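Here is the structure we will look at.
The values are calculated or read from the model by the stated rules, or taken from the named source; none is laboratory data. What you are looking at is a predicted structure, and each value in this text was computed from that prediction instead of being measured. Reconstructed Cβ throughout: ideal geometry from the backbone, glycine too, with neighbour counts over all protein chains shown. Keep in mind that these areas ignore ligands, DNA and RNA; they rest on the heavy atoms of the full protein, side chains included. Shrake-Rupley method; radii C 1.70, N 1.55, O 1.52, S 1.80 Å.
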Amino acid sequence: TAEKLATLTRLVDPAYVVPLRSFRAAWDALICSDEHGYGVSAYKGKNVYCTWMNKRYWIDRGLATARHESHRALQTLGAHIPTEGPALVLFNPLLHQRTDTVEVALPEGFSARAWVPCSASGERLPATAEARCLRFVASDVPPLGYKTFTLRRGETPVASRAAVAKAPVVENGFYHVAMAADGSVESIFDKQLRRELLDPKAAYRGNQFVYTRDDHKTFATPATASFEVETSDLAISVVSRTREPSSGAAIVQRVTLSKGEKRIDFDNRLEHVLDLHNEQRTERLRYGYYAFPFAIPGATFRVQLNGCTARPHDDQVGTGTEDWMAAQDYVDVSNSEFGVTWAQRESHLVECGRIRTRQLTRDDPPKTAHLYSYLFNDWYQKNWTSPREITMRYRYSITSRAADGAADRPHWFARRFANPL
């Protein structure tokens with residue numbers, strides 16, 4: 001993103017210097033941090049600690065470069081964009097025109113409730129506010145370009161929020177969603193397809209956190225949750241709060257149904273997963289997952305890799321593990337009649353068909369349409385210095401469709417989710 005912004009800025013302002021040397025150093029740091037070495041001391045002691053600290057330093061340097069150069073480019077670009085009064089400029093990093101709901105944090109001194117986003121012609125746009133955060137629908141933002149939205153003084157409504165005593169049921173024009181008592185999703189009914197998208201016979205429910213602390217011998221799920229329902233002109237959301245006692249995690253999950261688009265968004269936060277910080281971390285006993293057990297008979301998985309898609313088992317060579325695949329932005333699960341595209345914002349591993357307990361399985365194709373997001377294990381989280389630091393966020397989005405031959409639809413849906421305006 002920083003390189004795209006730098007290129008655009010150079011095209012606009014010939015005096016702007018693209019920081020090629022800084023970008024090259026940042027890429028080198030990321031490449032060096034991505035190699036698979038863990039030190040030379042059987043994964044313990046000072047050598048391996050220093051190896052991981054080096055990796056962390058390189059990653060932090062790359063991120064700092066990206067933030068600094070993005071800010072510098074945006075400041076220069078902003079100086080060339082004529083506006084009357086406060087305005088929001090949205091950049092689209094993708095190569096097709098987009099209309100999306102956006103969420104913008106306004107700077108200090110701006111209360112979102114006191115400002116109304118407007119189009120270039122002055123037309124007021126549907127919006128909702130919360131403190132300094134403004135949400136509205138940005139239409140027709142051009143490919144690899146920007147669009148300006150003015151801010152006028154006025155009153156932007158806030159989302160109505162109400163606590164509910166039991167697991168709620170919410171719906172929009174596309175889906176009917178029933179929550180379960182622990183904050184997971186019990187049912188997703190597609191009104192257009194007239195189909196239930198989640199398998200009621202699955203061991204776990206949709207968007208359910210699953211944790212094991214004894215290397216998959218037993219599994220734990222969250223306790224009973226409390227619920228709030230938020231409603232606005234743009235969306236309806238269910239916010240659940242609960243704990244998972246075995247891991248120690250405090251869990252906040254937000255499930256959002258957009259009123260204008262066929263999609264469901266999931267925003268999950270796991271705070272201070274205390275059990276990951278333990279004395280047995282070299283043994284890899286603790287694992288975490290989010291479950292999405294889809295009900296699609298005879299389904300085929302297509303996992304997006306870096307530049308292509310692959311089918312678990314069928315497109316793997318058979319000489320290594322088939323337990324997981326590294327999904328870039330999405331996994332599509334479909335048969336000849338309908339399918340579901342599952343997109344992720346954070347990049348991590350996926351397991352198809354079931355939770356794989358051996359981690360060394362071969363020649364075992366998926367037998368169900370169940371999808372599991374493989375979040376972590378205690379070995380990879382080994383070098384956290386404090387259990388209070390172990391706080392994680394995982395965001396997903398799904399959409400469903402009839403099988404209509406549009407092979408690129410999963411790709412574009414996931415690209416939009418992974419690359420917001």
Would you check which residues across the stretch 242-273 are of a type in the set (D, E, K, R), within 19 Å of the chain's Cα centre (by Cα) and either open to solvent by less than 10 Å² (accessible area, probe 1.4 Å) or farther than 18 Å from F417 by Cβ (or both) and list them? E271
Inside the stretch 1-37, can you point out the residues that are touching a residue at least 24 places away in the same chain (Cβ under 8 Å), among the β-branched types (V, I, T) and open to solvent by 100 Å² or more (accessible area, probe 1.4 Å)? T1
Scan of the stretch 69-103 for residues that are assigned to a helix (DSSP H, G or I) and surrounded by 14 or more Cβ atoms within 10 Å (Cβ to Cβ), ordered by number: E69, S70, R72, A73, L74, T76, L77
Among (1) in contact with a Pro (Cβ under 9 Å, 6 or more places away or on another chain); (2) closer than 24 Å to D267 by Cα - the single one W115 does not satisfy: (2)
Which listed residue, of T357, T368, T341, T319, is open to solvent by less than 10 Å² (accessible area, probe 1.4 Å), at negative phi and hydroxyl-bearing (S, T, Y): T341
Filter the stretch 322-338 down to the residues that are more than 20 Å from the chain's Cα centre (by Cα) and surrounded by fewer than 18 Cβ atoms within 10 Å (Cβ to Cβ) and list them by number. N335, S336, E337
For R311, state whether it is without any contact (Cβ under 8 Å) to a residue 60 or more places away in the chain, basic (K, R) and farther than 21 Å from R416 by Cα. yes
So, in the stretch 224-241, of the ones that are modelled with pLDDT of 95 or more and part of a loop (DSSP other than H, G, I, E, B), which residue ends up surrounded by the fewest Cβ atoms within 10 Å (Cβ to Cβ)? T224
What single numbered condition from (1) in contact with a Lys or Arg (Cβ under 8 Å, 6 or more places away or on another chain); (2) open to solvent by 20 Å² or more (accessible area, probe 1.4 Å); (3) under 30 Å from Q192 (Cα atoms) fails to hold for D215? (3)
Report, by residue number, each residue of the stretch 156-190 that is assigned to a strand (DSSP E or B) and farther than 30 Å from R113 by Cβ. H176, A178, V185, E186, S187, I188, F189, D190
Residues within the stretch 137-182 that are of a type in the set (D, E) and without any contact (Cβ under 8 Å) to a residue 60 or more places away in the chain, tallied: 2
Counting just the residues of the stretch 197-206 that are farther than 15 Å from T341 by Cα and either out of contact with any strand residue (DSSP E or B) (no Cβ under 7 Å at 6 or more places or on another chain) or assigned to a strand (DSSP E or B) (or both), which one comes out least open to solvent (accessible area, probe 1.4 Å)? A203
I'd like the full set of residues that are assigned to a loop (DSSP other than H, G, I, E, B) and open to solvent by 40 Å² or more (accessible area, probe 1.4 Å), limited to the stretch 274-306. H277, E279, Q280, R284, P297, G298, L305, N306
With a cut-off of at least 3 residues that are polar (S, T, N, Q) and at pLDDT 90 or above, name the strands (runs of 3 or more DSSP E) lying wholly within the stretch 307-417. 392-402
Quickly run through the stretch 138-155 and pick out the residues that are within 19 Å of W115 (Cβ to Cβ) and either open to solvent by less than 50 Å² (accessible area, probe 1.4 Å) or touching a Cys at 6+ places or on another chain (Cβ under 7 Å) (or both). A138, S139, T148, F149, T150, L151, R152, G154
Name the single residue, out of those in the stretch 182-196 being open to solvent by 60 Å² or more (accessible area, probe 1.4 Å) and in contact with a Lys or Arg (Cβ under 8 Å, 6 or more places away or on another chain), that is nearest to V255 (Cα to Cα). E186
